[in-house]
1. Which one, SER148, ALA82, PRO178, is farthest towards the positive end of the dipole of the range 82-213 when Lys and Arg carry +1 and Asp and Glu -1 on their Cβ?
2. Please order GLU132, GLU177 by the number of other Cβ within 10 Å, starting at the fewest.
3. Can you list the aspartates and glutamates whose alpha carbon sits under 15 Å from that of LYS51, skipping same-chain ones fewer than 8 residues off?
4. Determine the alpha carbon to alpha carbon distance for each of LYS113/LYS145; LYS76/LYS131; LYS38/LYS76 and list only those over 19 Å.
5. Report, in cubic angstrom per residue, the convex hull volume of the C-alpha atoms of the range 71-136.
6. Could you work out how far apart the two model spin labels at ARG212 and LEU149 are, taking each label as a point 7 Å from the Cα in the direction of the beta carbon, and quote it in nm?
7. Can you quote the Å³ per residue value for the convex hull of the Cα atoms in the range 82-213, rounded to an integer?
8. Per residue of the range 56-72, in order, report the coupling 6.51 cos²θ - 1.76 cosθ + 1.60 (Karplus, θ = phi - 60°) as ³J(HN,Hα) in whole Hz, putting x for Gly and Pro.
Amino acid sequence: MVWVLYAGLLHQPKRLYNATNLTLIKNDIIMSDKLPQKTLPTILATEIAAKSKLFEIESVHLQFSNGEERDYERMKTSGRGAVMIVAMPDPDTILLVCEYAAGMHSYELGLPKGLIDPGETPIEAANRELKEEIGFGARKFTQLKSLSLAPGYFGASMHILLAEDLYPERLEGDEPEPLDVVSWSINDLDALLQRNDFTEARSVAALFLARRHLNLAT
């Protein structure tokens, strides 16, 4: 079923209609950043539905506040989180890496990223990943935002950081082959977005967050 907002239909603005029969739905659309408080569903039971070397699928039996019960499946996470870094060796330039992406079976451009190791802070993890992937550390980090990856079934967060005042230093990483490091002007994102090998949504979001932080035109 598809729901569509018909702003002026029947002189009833801000109401939802069923796209099939245009039946008026009673609740108004919330036109505010102050969302009503909602009670989280109660987790009645969990079990592992499937498991591989890398992933665990967890089945979750929930009861919602209205009494309805549903089974959901989600990726079970370690809770460690991850980092993605917008590294800028100068005010105009960002550093990208080109690496193999198994999901797409292609080489993709993106920002340096990686898991947070046990005991690390996001900034410590970001500095380590920079040294492993692009051969630089950074003296200045700014945490821009934490993003969820796919909140419907994946509970991990990725911390987006801006790294400035870079210095050369390399650590050995766990990549199976050397990564190509590509410099790109942060003022030429349109050309980057048009590339067929720059498609990862997290990298796109991170660059726009960095541009907003730096007060650059989008």
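Quick note: the coordinates plus some simple rules give every number you see, no bench work behind them. These numbers come from a predicted model, not from an experiment. Don't worry about glycine lacking a Cβ; one is built from the backbone with ideal geometry, like all the others, and counts go over all protein chains shown.
1. Value computed over the given set: SER148.
2. If I rank by nearby Cβ atoms, fewest first, I get GLU177, GLU132.
3. Here the aspartates and glutamates satisfying the reach criterion relative to LYS51 are GLU73.
4. Exceeds cut-off: LYS76/LYS131; LYS38/LYS76.
5. In the range 71-136, the Cα convex hull volume per residue is 129 Å³.
6. Label-label distance for ARG212 and LEU149, simple model: 2.2 nm.
7. 115
8. Per-residue couplings from phi come out as 10, 9, 10, 8, 10, 9, 10, 10, 7, 5, 8, x, 5, 10, 9, 9, 10 Hz.
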